[in-house]
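Single-structure report; data block below.
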Amino acid sequence: MSVQRGQQVLELAKVCRTFGDGATSVAALRDVDLTIDAGEFVAVMGPSGSGKSSLLALSGGLDRPTSGGIFVESTPLADLGLNELARLRRRAVGYVFQDFNLVPTLTAAENVALPLELDGTPSREAYRQAREAMDLVGIPELANRFMDEMSGGQQQRVAIARAIIGERRLILADEPTGALDSTTGQGVMEVLRSRADAGAAVMLVTHEARHAAWADRVVFIRDGRIVDQAAAMHDPAMLLAQAGF
């Protein structure tokens with residue numbers, strides 16, 4: 001990784017996100033302050049509709065805040081145009097979507113290699129790194145398969161491999177184990193933990209206390225506000241109870 005452990009990778013400062021206008025407006029996030037450093041693994045927990053996915057989308061530059069500032073490695077996302085944001089995501093940000101966002105006409109390896117190829121990495125090198133990433137998530141044998149030849153769980157692991165390929169300094173994962181059995185889910189958490197240990201900043205949205213236990217810090221969100229955060233512990237269910245979830 002090109003950042004030093006402890007260096008700030010992500011900062012949200014007084015971030016608000018409101019959808020709609022007037023009486024019908026809905027506040028997804030309200031005055032959110034959050035920082036994540038290189039080498040830190042943060043889990044975000046909260047009820048359905050609390051703003052978790054909005055927080056992830058804004059952090060990765062997939063959406064713009066109504067007010068407040070978002071910075072990735074000190075770069076204010078508000079200063080970047082659409083092309084510059086896309087370049088930042090290809091080079092620095094890995095995103096695991098709930099619905100995978102894989103290209104059905106490409107093989108698994110082609111999907112994983114796509115961010116590197118779009119950024120100008122020669123195909124041979126991009127495919128080498130793609131196979132390494134697929135091996136990390138336990139699916140090297142799926143390299144030449146298309147999406148309609150794989151189960152939902154296998155597709156999810158392809159999406160995770162795509163998120164960790166290359167020098168991703170910020171990894172954002174939205175319920176990455178949702179389509180996986182417990183054993184495979186455990187393997188995915190080990191991969192995310194290893195990315196943080198290697199120096200990436202990792203933010204995981206999850207409703208599973210056992211997955212939050214892999215993190216260094218658990219952030220609780222309700223009604224668009226961060227209501228509590230604490231160091232992860234062996235039994236994060238205790239934290240859930242303390243935070244009123």
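Structure notes:
- For the range 8-243, convex hull of alpha carbons as volume per residue, Å³: 126
- Bridge orientation summary for the chain: considering DSSP beta bridges with both residues in this region, about 55 percent are antiparallel.
- Taking the average, over residues, of other Cβ atoms within 10 Å as the packing measure, peptides 36-43, 181-188, 151-158, 224-231 rank 36-43, 151-158, 224-231, 181-188 from highest down.
- For Ala86 and Ser123, a Förster radius of 22 Å and the Cβ-Cβ distance give a FRET efficiency of 0.65, rounded to the nearest 0.05.
- Lys/Arg +1, Asp/Glu -1 at C-beta; the chain dipole; positive extreme among Ile139, Gly22, Ala43: Gly22
- Inter-probe distance in nm under a simple model that places probes 7 Å from Cα toward Cβ, at Glu149 and Ala13: 5.0
Each reported figure results from applying straightforward, stated rules to the coordinates on display, with no laboratory input. This structure is a prediction, so every number in the text was calculated from the model and none was measured. So basically every Cβ, Gly included, is an ideal-geometry build from the backbone, and we count neighbours across all protein chains shown.
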